[in-house]
Structure formats: structure tokens, C-alpha cells
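See below for the structure under consideration.
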Amino acid sequence: MIKKNSRCSCSVNNISDINNINDSIRIIGIDPGSIYTGWGILDSVQFGRKIKLVSVGLIDAKKYSYPNNLALIFNELKQIIEEYRPAIMVIESVFLGLNPSSLIKLSQARGAICLLSSLYGISLKEYAPRYIKKNVAGYGGADKEAVRRMVYNFIKELNDIDVAGNIENGKNCGKDAKPLNNNVSDALSAAICCATDMSNYV
């Protein structure tokens, strides 16, 4: 885990409970992978007009073979969900251009994540990669570097210099932390996309 920060309180844990413009909805964006799984949590306030960064992290399963890697991803995300209690989970829809082997591994990780959303009653949202890129970077064909740069700028505007700086230069955020790599950036971009698109779900 890279950063844990519970300073942002979430007043609503289910979309249907929203009854006030100042209610906040907690969103977790996840970028699944069989080796690295990035995650980022935001609070969306006033239907996305205000966004607060809550926490980000990276699950490193490279030392684990199948199916132990899936168990690690499942258990780590389970702990994160129980701690932060998100109301919405956001992932990218599957890109069918992947080779069969990569597609199978990605689908297995996605399955573990989707199971968690069902077990904890979390609303699951899927966005096409091009839609997220267009929402965050302004162009559906943006590369990962462009998306990472826009996520960096977005987090910097939230005045979270620690996280923004580490997204920019890939340094660690603590003694045992992993760099904020593209997996974390992609997870945050999915959460940002959902937060700014909030009016579609209320």
C-alpha cells in the first residue's frame, strides 16, 4: 500500500441514499492485473463538483503464481474495501485487442474484483478505456504518459503534493511503498472519470 489517508469522511455509502447536494460518495477506481493492481479512492462531493483524494495504492503480486496471485489481490482489496467502504467501484471494460493469454489473466483478476463488488453491495461501473482517456486527458487516443500527466495535474490541484510528486517522478511514498506507476495512475483516472461523470448516476 502506498498511501493511507482517512482524512476525507464519506457521508453516503449507497448511491440511492443521496438526498443532499453536500452528500459525498466514495469511489474506488481499480486497474486490475495478474501482477500489479493499482487502486485509488476519491470522495465526490456535490455530485462531482468537488473531489477529495482519500488514498491510493499498488498491490504487488509478482512473487505469487496462479491462483495465489488472485487470492492476494482479493484479500488486499477486501481489506481496503472494509476500511474505506466505497459506494462505487470503477474498472475499465475489457480491451479485446489483448493477446489470448493476457486476456485470460486479466479476466481472472477482474473476476475477483467483480466478486468483491457483489459481496459488499458496491455499485460496479465499467468505462471503455477511450471514454476514460477522453474524460481525463481530453482525447480518447491518449497514451499512458498523457493520462499519467493529467492525473498528476489533477492531484496537484487538490494540493496533495506528496501523491502528485510521486506520480510525476515515480519515487516511493514511504519506507516500504511502491512507486505510483501506470497501474495507480489508470486506477485514479477511472475514479476521476466516474466522479466528474457523477450526474449520470444520481
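Pop the C-beta distance of residue 126 and residue 85 into the FRET formula with R0 = 22 Å and round what comes out to the nearest 0.05. Provide the component values of the computation, followed by the final result.
On the way: r = 21 Å, r/R0 = 0.95.
So, using R0 = 22 Å, E works out to roughly 0.60.
Output the peptides 54-63, 33-42 sorted from most to least packed, where packing is the average of other Cβ atoms within 10 Å over each peptide's residues.
Result, highest mean Cβ count within 10 Å first: 33-42, 54-63.
Quick one: which residues, 5 or more positions from residue 55 or on another chain, have an amide H under 5 Å from its amide H? H modelled 1.01 Å from N in the peptide plane, none for Pro or chain starts.
41
Order by neighbour count: 124, 188, fewest other Cβ atoms within 10 Å first, most last.
With the sparsest Cβ surroundings first, the list reads 124, 188.
How much FRET efficiency would the formula 1/(1 + (r/R0)^6) give for residue 118 and residue 144, where r is the Cβ-Cβ distance and R0 is 30 Å, rounded to 0.05? Please report the intermediate quantities before stating the final value.
On the way: r = 30 Å, r/R0 = 0.98.
Calculated value: 0.50.
By its C-alpha gyration tensor, with a ≥ b ≥ c as the square roots of the eigenvalues, how is region 29-148 shaped: rounded for a/c under 1.5, else prolate for a/b larger than b/c, else oblate?
oblate
For region 64-72, take each phi angle, set θ = phi - 60°, evaluate the Karplus expression 6.51 cos²θ - 1.76 cosθ + 1.60, and give the result in whole Hz per residue in order, putting x for glycine and proline.
10, 8, 5, x, 5, 5, 5, 5, 5
Where a number appears in this text, it was derived from the coordinates with a stated rule and is not lab data. Source: prediction; values computed, not measured. Every residue, glycine as well, gets a Cβ built from its backbone with ideal geometry; the counts of neighbours run over all protein chains shown.
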